[in-house]
There are 2 protein chains.
Amino acid sequence: MKKLVLTLAVSSSIFGFAQSKQDSIKFKNISDKIMTEGQAYDWLYDLTKNIGHRLSGSLANEKAVKWAEQKLKEAGADKVWLERVMVPNWYRGDESLHIKSADGTWKNIKMLSLGNSEGTKGKDLIGEILVVNSLEEFAKTPTEKVKGKIVLFNNEFPQEHIKTMHAYSQAGKVRRVAATEVAKKGGKAVIIRSLSSAYDDVPHTGAMKYEDGIEKIPAIAIGPKSAMELSELAKTQQISAKINSNCSMKGVVRSYNVIGEITGKESKNVIVVGGHLDSWDVGEGAHDDGAGIVQSIEVLKTFKNLNIPNRNTIRVVCFANEENGVKGGTAYAKSIAEKGEKNIFAIESDTGGFSPRGFGLDMSDDKKEIIKSWKTLFLPYGVYDFTETYAGTDITPMKSTGTDLAGLVPDSQRYFDIHHTEEDTFEKVNRRELLLGATVMTQLVYMVDQYWK
Amino acid sequence: MKKLVLTLAVSSSIFGFAQSKQDSIKFKNISDKIMTEGQAYDWLYDLTKNIGHRLSGSLANEKAVKWAEQKLKEAGADKVWLERVMVPNWYRGDESLHIKSADGTWKNIKMLSLGNSEGTKGKDLIGEILVVNSLEEFAKTPTEKVKGKIVLFNNEFPQEHIKTMHAYSQAGKVRRVAATEVAKKGGKAVIIRSLSSAYDDVPHTGAMKYEDGIEKIPAIAIGPKSAMELSELAKTQQISAKINSNCSMKGVVRSYNVIGEITGKESKNVIVVGGHLDSWDVGEGAHDDGAGIVQSIEVLKTFKNLNIPNRNTIRVVCFANEENGVKGGTAYAKSIAEKGEKNIFAIESDTGGFSPRGFGLDMSDDKKEIIKSWKTLFLPYGVYDFTETYAGTDITPMKSTGTDLAGLVPDSQRYFDIHHTEEDTFEKVNRRELLLGATVMTQLVYMVDQYWK
């Protein structure tokens, strides 16, 4: 009882007790509406099954743009428009990896070229495999051992992190830089063990980057099991790999940020809620980031459905091209800066449609304290964690315009099992988890709309 | 910063700062060990794929008893034994439900008889359907409208609850009592809409109970979609159902609680950690409650692996017959009472192998405060919720012996999608979520072993 009194005292010092009570009722209204009648799950079915994956530059991505425009209109936006963005047009094509067994035959291994990688132009690239376990080990490997080799990074996913996002951040560098590092020492190609929290044979793609002036060698990913098996095999015998791939960067093409809003009743200031519309070119982009898109539309629809009188403009942005360029987020930040439009707050959902646990807060400590003072309101909805400081890739460029940023922090245990894979499908999304995420996003937007300075 | 100081002050007032630091290191050791090397997931694969579902009285249940005995030995228990328990032997057999369509043909509908229900003895039971939406509505329905009918309860799952366990508790009565209530008004059989948080066509079984002296009419469950469709159909036409089933209670048979322990180094007092070994006779009993069994064995194994010097005896109990009788839990409580053995604490995991969020505490308020004073230790592992007051069905009988009870509270969003169905399979369990549950159980047992009075 003592604790309860203390907590209420903290809230009431900022809002007053009656206000806090009223907000708590509004939180329940929002939750009841979304948990019983929310449509995010049905929209996600439509997006994933009728359009599917939707890499920047693909025909599916164009369809997704039209789909999002239509859905925002149906959800009740006062105004819907497209913001033109030039995006990279990377294309995968056919690809394969074979490993030469001890008996001289070639065995097929499941693989995916890393996004943005150049391929072998349809020719067989054959080379002996050199196995290393980390970038650190590779840095110590002499150039003469690397020259002419295909380097396999058997980098383990650091399972000891409780929040897998931290594990991914720690382990992720190898995907981005391995090709350049290997090329610098004269290697022919690079194979990385996928950044996966599962121990299976599913390859995960994801963006890599070449350094200017360094040869663009092919970079592919294989499943953790294959990586481990090859690594074991390489201890007792010399093994060779044959890569054949057709991926390449085909220049830039036109795409769009899809934007819809409900006009503010009292202010021209804007609160952004969003996710990214593009996905990798495998699976269905369900958790990454169909979930964030449909949750964001649900926020807008709930304001309309419950007739919540929003003071500020509430704007959904379905960002283009998060996966391999962040051109959508960059363009949006540039456009508001040019217009001098005040975007006071932005929240992104881009770490999966799982059960929410908190919000990452990228803003001043004073502003963080305001959100933390709302924690007793959020607790009944499973939201208790305000310690993360990352908000979202698409909204990060807005920081330079002074926007305060937040990111939905869902439970992270399952995300990196399926992230950037064939398995990121609608079936892996749970209806209640998805809707609960939309619920707490709506609640946060409601509070920010009421109280943000 | 103020909050941090306050929190540490609370911990240090009970343990001292240095002790708290030491416990925090132990928590990390436990977590690292289990998250990187834990075997619970592999054990669960073995249990679910090589034995499968294991209803009390079944051959599979006998196999599971031997399996658990072996696994406890392998995990390093100092002593493993079987405690004899007489359990009900309910048998399902073939069963079907057909609905007469408007054109006079019979359409097959997916169904499951409720556990403990009597069937139609292989004969067709045909009757007109009367639809009601709740027990309350049925109570107001005149006897003459019910007589000779098959009553369909189209009871909706209350999705507005954030914790689905609360929704299940609220909605669950209909499954247990509907047959008796319908029989009292002369109905022939009862069909209930499954207690499911998913809107699909998967029937969920689960225990029902007949009231003494009232006719034992058949009770079956169908999926939410079928229930809704039939309910809609019944608004415009008279529909009939044909039930044919062979289930019945075949008396009692011998089974066992499987028990393994590491002997206390300083005390004969016992800390129990457990789940139930039986499951319903569909699916694989993976979340319910294979998860609780393998997590409990992981707790024991981790104490051995890390060589934690347990003061009290740490005892794993794999309880018999939770699903349709609770005979295992009852027998265990009786046996410790008879021996006068002091079981100071018991923790059960029986709400799925999902990401943990807290512990339900069934003990005095003073004791609860001790556990709550540990909350900063648990927070990095996602455990923050100590508000629930239910611990577990199998350990509840121990309350009469003075044992303090706790239950693992995992995220509840997905559990009732698959609970008691064909879909409760190994594939629905995530490795990291399962291991994280085992981690926080081990951490709690560690703390209780150190500090419980």
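Cβ-Cβ distances below 6 Å connect the following pairs, each with a first residue in region A:152-168 that is more than 10 Å from chain B (Cβ to nearest Cβ) and over 25 Å from A:Glu232 (Cα atoms), a second residue that is part of a loop (DSSP other than H, G, I, E, B) and modelled with pLDDT of 95 or more, and a separation of six or more residues or different chains: A:Met165/A:Ser412. In this entry, B:Ile347 passes the filter for residues that are in a strand (DSSP E or B), farther than 21 Å from B:Ser56 by Cβ and modelled with pLDDT of 95 or more.
Each residue in region B:304-322 was checked for being of a type outside the set (S, T, N, Q) and crowded, with 21+ Cβ neighbours inside 10 Å, and 8 of them qualify.
Can you work out which of the residues in region A:343-372 that are of a type in the set (D, E, K, R) and over 17 Å from A:Gln450 (Cβ atoms) is surrounded by the most Cβ atoms within 10 Å (Cβ to Cβ)? So that I can check it myself, show each step before the final result.
Here is the first cut: in region A:343-372, the residues of a type in the set (D, E, K, R) are A:348, A:350, A:357, A:362, A:365-369, A:372.
Cutting the leftovers down to over 17 Å from A:Gln450 (Cβ atoms) gives us A:348, A:350, A:357, A:362, A:365-366, A:368.
On the way: A:Glu348: 31, A:Asp350: 22, A:Arg357: 22, A:Asp362: 22, A:Asp365: 9, A:Asp366: 8, A:Lys368: 18.
Among those that are of a type in the set (D, E, K, R) and over 17 Å from A:Gln450 (Cβ atoms), it is A:Glu348.
Out of contact with any Gly (no Cβ under 7 Å at 6 or more places or on another chain), away from chain A (no Cβ under 14 Å) and either closer than 19 Å to B:Ser101 by Cα or surrounded by 24 or more Cβ atoms within 10 Å (Cβ to Cβ) (or both), is that true of B:Ala227? Spelling it out, B:Ala227 is indeed out of contact with any Gly (no Cβ under 7 Å at 6 or more places or on another chain), away from chain A (no Cβ under 14 Å) and either closer than 19 Å to B:Ser101 by Cα or surrounded by 24 or more Cβ atoms within 10 Å (Cβ to Cβ) (or both). With (1) without any contact (Cβ under 8 Å) to a residue 40 or more places away in the chain; (2) more than 14 Å from chain A (Cβ to nearest Cβ); (3) of a type outside the set (Phe, Trp, Tyr); (4) not in a loop (DSSP other than H, G, I, E, B) as the list, and B:Ser96 as the residue in question, which single condition is left unmet? Here B:Ser96 clears every test but (1).
To keep it simple, each residue is scored yes or no on (1) outside the structural domain of A:Lys107 (by TED's automatic domain parsing); (2) within 23 Å of the chain's Cα centre (by Cα).
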site: A:Met228; (1), (2): no, no
site: A:Leu233; (1), (2): no, no
site: A:Ile259; (1), (2): yes, yes
site: A:Gly264; (1), (2): yes, no
site: A:Lys268; (1), (2): yes, no
site: A:Trp280; (1), (2): yes, yes
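Within region A:288-301, can one find any residue that is touching a helix residue (DSSP H, G or I) at 6+ places or on another chain (Cβ under 9 Å) and within 14 Å of chain B (Cβ to nearest Cβ)?
Step one: of region A:288-301, the residues touching a helix residue (DSSP H, G or I) at 6+ places or on another chain (Cβ under 9 Å) are A:288, A:290-301.
This time we only want the ones that are within 14 Å of chain B (Cβ to nearest Cβ), so: A:291.
Checked region A:288-301: at least one residue is touching a helix residue (DSSP H, G or I) at 6+ places or on another chain (Cβ under 9 Å) and within 14 Å of chain B (Cβ to nearest Cβ).
Out of B:Ile262, B:Ile217, one residue alone is aliphatic (A, V, I, L, M), within 30 Å of B:Leu44 (Cα to Cα) and in contact with a Phe, Trp or Tyr (Cβ under 9 Å, 6 or more places away or on another chain). It is B:Ile262.
Tell me, please, whether a residue that is touching a strand residue (DSSP E or B) at 6+ places or on another chain (Cβ under 7 Å) and among the hydroxyl-bearing types (Ser, Thr, Tyr) can be found in region B:46-54. Before you say what the answer is, go through the steps one by one.
Step one: list which residues in region B:46-54 are touching a strand residue (DSSP E or B) at 6+ places or on another chain (Cβ under 7 Å), which gives none.
No, region B:46-54 has no match at all.
Looking across region A:392-435 at every residue that is facing chain B (nearest Cβ under 10 Å), out of contact with any Gly (no Cβ under 7 Å at 6 or more places or on another chain) and in a helix (DSSP H, G or I), the one that is nearest to A:Asp42 (Cα to Cα) is identified as A:Arg431. Condition (residue is assigned to a loop (DSSP other than H, G, I, E, B) and in contact (Cβ under 8 Å) with a residue 12 or more places away in the chain) applied to region A:365-372: is it met by at least one residue? No: zero hits.
When B:Gly52, B:Gly93, B:Gly119 are checked against the criterion of being more than 23 Å from the chain's Cα centre (by Cα) and at positive phi, a single residue qualifies: B:Gly93. Do the conditions hold for B:Gly329, that is, is it over 16 Å from B:Gly437 (Cα atoms), away from chain A (no Cβ under 14 Å) and in contact with a Pro (Cβ under 6 Å, 6 or more places away or on another chain)? Yes, satisfied. Taking the conditions (1) aromatic (Phe, Trp, Tyr); (2) in contact with an Asp or Glu (Cβ under 8 Å, 6 or more places away or on another chain); (3) within 14 Å of another protein chain (Cβ to nearest Cβ) in turn, A:Phe138 satisfies each one other than (3). Just to verify a result, which residue in region A:213-234, among those that are free of Cβ contacts under 8 Å to residues at least 60 places away in the same chain and outside any helix (DSSP H, G or I), is farthest from A:Asn108 (Cα to Cα)? Selected residue: A:Gly213.
In summary, A:Phe354 fulfils each of the numbered conditions (1) closer than 14 Å to A:Ile271 by Cα; (2) within 14 Å of chain B (Cβ to nearest Cβ); (3) assigned to a loop (DSSP other than H, G, I, E, B); (4) of a type outside the set (Lys, Arg) with the single exception of condition (1).
Would you check if there is a residue in region B:111-126 being over 30 Å from B:Asp281 (Cα atoms), in contact with a strand residue (DSSP E or B) (Cβ under 8 Å, 6 or more places away or on another chain) and in contact (Cβ under 8 Å) with a residue 60 or more places away in the chain?
Quick first cut of region B:111-126, residues over 30 Å from B:Asp281 (Cα atoms) only: none.
Within region B:111-126 (the criterion being over 30 Å from B:Asp281 (Cα atoms), in contact with a strand residue (DSSP E or B) (Cβ under 8 Å, 6 or more places away or on another chain) and in contact (Cβ under 8 Å) with a residue 60 or more places away in the chain), the answer is no, since none of the residues qualifies.
Does B:Phe359 fit the bill of being more than 14 Å from chain A (Cβ to nearest Cβ), closer than 20 Å to B:Gly275 by Cβ and of a type in the set (Phe, Trp, Tyr)? Yes: the conditions hold for B:Phe359. The helices (runs of 4 or more DSSP H) falling completely within region A:124-191 that include 2 or more residues that are among the polar types (S, T, N, Q) and loosely packed, with under 15 Cβ neighbours inside 10 Å map to A:164-171.
When region B:436-446 is filtered for residues that are among the β-branched types (Val, Ile, Thr) and either under 30 Å from B:Leu112 (Cα atoms) or at the interface with chain A (Cβ under 9 Å from one of its Cβ atoms) (or both), only B:Thr439 remains.
In region A:373-391, what residues are hydroxyl-bearing (Ser, Thr, Tyr) and either outside the structural domain of A:Ser24 (by TED's automatic domain parsing) or outside any helix (DSSP H, G or I) (or both)?
First, pick out the residues of region A:373-391 that are hydroxyl-bearing (Ser, Thr, Tyr): A:373, A:376, A:381, A:384, A:387, A:389-390.
Listed by number, the residues that qualify are A:Ser373, A:Tyr384, A:Thr387, A:Thr389, A:Tyr390.
Reported count of residues in region B:192-207, each being assigned to a loop (DSSP other than H, G, I, E, B) and touching an Asp or Glu at 6+ places or on another chain (Cβ under 7 Å), is 4.
Can you tell me how many residues in region A:303-333 are under 23 Å from A:Val448 (Cα atoms), over 16 Å from the mean Cα position of the chain (by Cα) and part of a helix (DSSP H, G or I)?
5
Scanning region A:76-87 for residues that are crowded, with 21+ Cβ neighbours inside 10 Å and part of a strand (DSSP E or B) yields a total of 2. When A:Tyr210 is tested against the conditions (1) assigned to a helix (DSSP H, G or I); (2) of a type in the set (Ser, Thr, Tyr); (3) surrounded by fewer than 23 Cβ atoms within 10 Å (Cβ to Cβ), the lone failure is (1).
The single condition from (1) within 23 Å of B:Glu433 (Cα to Cα); (2) touching a Gly at 6+ places or on another chain (Cβ under 6 Å) that B:Asn89 fails is (1).
Determine whether A:Gln443 is buried (at least 24 other Cβ atoms within 10 Å of the Cβ) and assigned to a helix (DSSP H, G or I). Yes. Which of the residues spanning region B:202-215 are within 22 Å of the chain's Cα centre (by Cα), at negative phi and away from every other protein chain (no Cβ under 14 Å)? B:Pro203, B:His204, B:Thr205, B:Ala207, B:Met208, B:Lys209, B:Tyr210 - these are the residues of region B:202-215 that are within 22 Å of the chain's Cα centre (by Cα), at negative phi and away from every other protein chain (no Cβ under 14 Å).
The values are calculated or read from the model by the stated rules, or taken from the named source; none is laboratory data. On a predicted model such as this, the values are computed, not experimentally measured, just so you know. Heads up, the Cβs are rebuilt from the backbone with ideal geometry, glycines too, and the neighbour counts pull from every protein chain shown.
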